[in-house]
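Chemist: Pasting a structure here, questions to come.
The values are calculated or read from the model by the stated rules, or taken from the named source; none is laboratory data. These numbers were taken from a predicted model, which means no experiment stands behind them. Reconstructed Cβ throughout: ideal geometry from the backbone, glycine too, with neighbour counts over all protein chains shown.
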Amino acid sequence: MARPMPYRRNGRRPFPNEVPEEIETLPGVDDDGPLDEDDLPATSFVERITIGCEETAFTGVTNAILQILAKRVKNYQQQYSVLTASYETYWRSTTSLLPTYEALIRSYEDEQRREDGWPELRRSARMVEANASVDEDELLF
């Protein structure tokens with residue numbers, strides 16, 4: 001029978017006399033409280049714009065999807081749980097993510113393979129060169 005371990009910490013903040021001496025605070029500087037909007041760089045803001053009833057766009061971000069969190073199969077279709085710029089999560093199908101977010105999908109799949117102990121996928125140098133030349137041709141036109 002597995003018994004749960006007892007909780008050893010009491011979860012309270014330290015009293016002022018319990019704060020280590022190495023931590024320096026400057027009176028008047030550290031006492032202002034949380035940051036203001038003026039303290040943050042302009043690039044740290046993401047603004048959500050709703051166009052019409054259903055269209056949504058984000059400003060201040062180069063990528064609307066920040067990270068892929070999980071993968072599932074629903075109705076014989078692969079779906080990925082994605083973290084958006086507004087920090088909301090959605091399930092999106094692979095077809096809606098490709099080819100724009102192919103790099104994120106590839107990094108997620110590689111990470112899952114490493115966690116599961118599988119060897120890294122070998123990508124042929126010839127295929128990498130072929131893909132680069134195709135991408136280069138698309139840029140020229």
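Chemist: Look through the stretch 93-141, keep the residues that are acidic (Asp, Glu) and over 26 Å from residue 83 (Cβ atoms), and return whichever of them is modelled with the highest pLDDT. Give the derivation first.
Modeler: Residues of the stretch 93-141 that are acidic (Asp, Glu), as a first pass: 102, 109-111, 115-116, 120, 129, 135-138.
Next, from what is left, pick out any that are over 26 Å from residue 83 (Cβ atoms): 129, 135-138.
Details: 129: 71, 135: 59, 136: 58, 137: 56, 138: 57.
Among those residues, the one meeting the criterion is 129.
Chemist: Here's something else I'd like to know. Taking the stretch 81-97, which residues are surrounded by 11 or more Cβ atoms within 10 Å (Cβ to Cβ) and either farther than 19 Å from residue 112 by Cα or polar (S, T, N, Q) (or both)?
Modeler: Across the stretch 81-97, the qualifying residues are 81, 84, 85, 86, 89, 90, 93, 94, 96.
Chemist: What number of residues within the stretch 53-80 satisfy the criterion of being among the charged types (D, E, K, R) and either loosely packed, with under 10 Cβ neighbours inside 10 Å or at pLDDT below 90 (or both)?
Modeler: Going through the stretch 53-80, the residues among the charged types (D, E, K, R) turn out to be 54-55, 71-72, 74.
Then keep just the ones that are either loosely packed, with under 10 Cβ neighbours inside 10 Å or at pLDDT below 90 (or both); that gives 54-55, 74.
Counting residues in the stretch 53-80 that are among the charged types (D, E, K, R) and either loosely packed, with under 10 Cβ neighbours inside 10 Å or at pLDDT below 90 (or both) gives 3.
Chemist: Quick one: which of 119, 99 is free of Cβ contacts under 8 Å to residues at least 12 places away in the same chain, within 28 Å of residue 49 (Cβ to Cβ), over 13 Å from the mean Cα position of the chain (by Cα) and not in a strand (DSSP E or B)?
Modeler: Details: 119 fails: within 28 Å of residue 49 (Cβ to Cβ).
One residue alone meets the criteria, 99.
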